[in-house]
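Novice: Here it is, the structure in full.
Quick note: the coordinates plus some simple rules give every number you see, no bench work behind them. Quick caveat, the model's predicted, so the values are computed rather than measured. Every residue, glycine among them, receives a Cβ derived from its backbone with ideal geometry; neighbour counts consider all protein chains shown.
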Ligand code: COA
């Protein structure tokens, strides 16, 4: 696949999507957003890919936000549509049906922080920095930040980041649960690839069922969520991978999953 603002590569059933505007700290302009939409549309149906890594080109930034140059012309109507359009792209990532890992090497600000939040796992370099600095521009997060940040780290901490616009470093992001793990910069992508390959080595019916059930916690109450979990667990029990996985354990060998 050829893109102007993205790099795309696949290795061992793991796709890496790299936002590639390093001279603008990978800020998301309209083209980058539309290419992200296209790449994730293609990834949904790509049977050769089980896990996706999203990262940013260069050492300085994951994504330093939406492209501020494109914000200046917005009014109430176009601004509402602008936010809804970005939200749609990030919803598509969250609901891809396959795990998406953000590998954050530098600034993840505004829309960049929101992009990381739409991913299922967040790995960061020790140099990463996170923030929702929109208030400095006289606006507020519009690509899901008010919702996903509060759900992930709690309302109090989310409001502190959103109301002050202050950046936090990787250690603080780890402490408050905004990222899963931090690594030295040179280890970030290899460790993200290793984690992605570990997930890709499992039976994907189980992986996708688990992802769907946990994703549903944002929308459902406990009772409905438990019913969904039971149904998805049941559908795993119907697979060859389940027979193989349980048999392999009892036979003291590694399972050979076939995604059936
Ligand atoms: N939109 C558009 N351009 C951006 C950008 C953004 N969100 N973030 C950085 N850039 C551009 C800069 O304008 C600059 O372009 P230029 O070289 O043509 O002047 C280039 O990327 C490098 O950024 P610069 O500001 O020179 O780097 P720095 O190391 O001094 O500062 C930041 C880094 C991240 C602190 C600073 O770029 C910044 O505050 N960016 C905006 C963050 C933000 O508010 N994001 C939310 C947007 S809703």
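Novice: By its C-alpha gyration tensor, with a ≥ b ≥ c as the square roots of the eigenvalues, how is the stretch 173-213 shaped: rounded for a/c under 1.5, else prolate for a/b larger than b/c, else oblate?
Specialist: On the way: a/c = 5.05, a/b = 1.49, b/c = 3.40.
Oblate, because a/c is 1.5 or more while a/b does not exceed b/c.
Novice: To continue, here is another question. Checking the a/c ratio against 1.5 first, then a/b against b/c, what shape does the Cα gyration tensor give for the stretch 106-260?
Specialist: Oblate.
Novice: Is the C-alpha gyration tensor of the stretch 29-145 telling us rounded, prolate or oblate? Criteria: a/c under 1.5 is rounded; beyond that, a/b larger than b/c is prolate, otherwise oblate.
Specialist: Oblate, since a/c reaches 1.5 and b/c is not below a/b.
Novice: Another one. What's the FRET efficiency of residue 73 with residue 198 using the Cβ-Cβ distance as r and R₀ = 41 Å, to the nearest 0.05?
Specialist: The formula returns an efficiency of 0.35 here.
Novice: Using 0.36 nm times the number of residues separating residue 175 and residue 147, minus their current alpha carbon distance, what extension gain do you get? Each step should come with its number before you reach the end.
Specialist: Values: separation 28, 0.36 × 28 = 10.08 nm, distance 1.99 nm.
So the extension gain works out to 8.1 nm.
Novice: Gain in length, residue 251 to residue 223, computed as 0.36 nm per residue apart minus the alpha-carbon separation, to one decimal in nm?
Specialist: Extending this stretch completely gives an extra 6.4 nm.
Novice: Just grab the label-to-label distance for residue 88 and residue 215, each label 7 Å out from Cα along the Cβ direction, in nm (one decimal).
Specialist: The answer from the label model is 1.8 nm.
Novice: Roughly what would the spin-label model give for residue 38 and residue 259, points 7 Å off Cα along C-beta, in nm?
Specialist: 2.4
Novice: Can you give the calculated 222 nm mean residue ellipticity of the chain, where each DSSP H run of n ≥ 4 adds -39,500 (n - 2.57) and the sum is split over every residue, rounded to the nearest 500 deg cm²/dmol?
Specialist: -14000 deg cm²/dmol
Novice: Take the Cβ-Cβ distance between residue 46 and residue 164 as r, set R0 to 51 Å, and report the resulting FRET efficiency rounded to the nearest 0.05. Display every interim value, and only then the final one.
Specialist: On the way: r = 41 Å, r/R0 = 0.80.
Calculated transfer efficiency: 0.80.
Novice: In degrees from 0 to 90, rounded to the nearest 10, what is the angle of the helix 240-250 Cα long axis to the longest principal axis of the chain?
Specialist: 70
Novice: Sort out for me the Cα centre separation of the stretch 28-107 from the stretch 196-221, rounded to whole Å.
Specialist: Value for the Cα centre distance between the two parts: 21 Å.
Novice: Rounded to the nearest 5, what is the percent of antiparallel bridges among the DSSP beta bridges in the chain?
Specialist: Here the share of antiparallel DSSP bridges comes out near 25 percent.
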